[in-house]
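As structure tokens, the structure follows; a few thoughts come after it.
Here, each number is a calculation from the coordinates, and none is a lab measurement. Given the structure is predicted, the values throughout are model-derived calculations rather than measurements. Please note: Cβ atoms are built from the backbone with ideal geometry, for glycine as well, and neighbour counts cover all protein chains shown.
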Amino acid sequence: MPKQTINGNCFICGKTAAKAAMKNHILKEHDNGDEKCYLMKAEGAYNKNYWLFFTVPMDATLTVVDKFLRQIWCECCGHMSAFRPGGKSKKVSTLLVGDTFLYEYDFGSTTEIILTVVSEILRPKQREKVLLLARNEPMTETCDTCKAPANDYNAWESEFVCENCAKDVDEDALLPIVNSPRMGECGYTGDEDRWIFDPNKPFPQTFSGYAKNRPRYIRVMENCED
Ligand SMILES: [Zn+2]
Ligand SMILES: [Zn+2]
Ligand SMILES: [Zn+2]
């Protein structure tokens, strides 16, 4: 359904821009600090209207990227995940500008994410390894049956449904509409995504403090390829 131009929000200053313009904006305005990082881009492999720009320090490993992508876009049942090529223990500093690689979450109902190393960049020192700089705005969806504003996603039919049409759908098929390429897969509800842009809050919006207050999940972490 190509229909909207998807803009995104800069979490550092609040600017609104489309994906390519956002990259230029970040490199022009937010390349400053002491910590050497890579600016990375993440996109849904089958819907590139879902996109993120984030920084990750050179001395980190891809483990922190795995953790971040799980929280913002993927986590439902503690499924396995993998980077292709490369394992989670791969050092960020061994990547090169221009590299693209794949992240896969859940080998059954798989979500595939394309990662691109955009540029070197500096940032102020911070506690959390990954800093989200920008992401696409949530998309406005309409009911595939009657064109009213959609309320849910019918995962069995891959359709959006409004509140009224949802009455005719088995409730096990209904999943929330979320700002993630994993929408509609397995039992994904977006509960761990805390990076919700709020134009009324002061900038930068880094969300570091929220982590401590979140509920703890018991999760089986499986190492697949490392
Ligand atoms: Zn900005
Ligand atoms: Zn699941
Ligand atoms: Zn409807």
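When you filter the trypsin sites (Lys or Arg not before Pro) in segment 124-179 for DSSP loop state and at most 15 other Cβ atoms inside 10 Å of their Cβ, you are left with LYS125, ARG127, LYS147.
Of all lysines in the structure, the ones whose alpha carbon falls short of 17 Å from that of LYS67, not counting any fewer than 8 places away in one chain, are LYS41, LYS88, LYS90, LYS91, LYS129, LYS212. Determine the shape class of segment 1-140: with a ≥ b ≥ c the square roots of the Cα gyration tensor eigenvalues, call it rounded for a/c under 1.5, and otherwise prolate if a/b is greater than b/c, oblate otherwise. The shape class here is oblate.
Any idea which of ILE12, ASN24, TYR38 is furthest toward the positive side of the dipole for segment 1-41, if Lys and Arg beta-carbons carry +1 and Asp and Glu beta-carbons -1? Among ILE12, ASN24, TYR38, the one farthest towards the positive end of the dipole of segment 1-41 is ASN24. Taking the longest Cα principal axis of the chain as reference, the axis of helix 19-29 is set at about 30 degrees.
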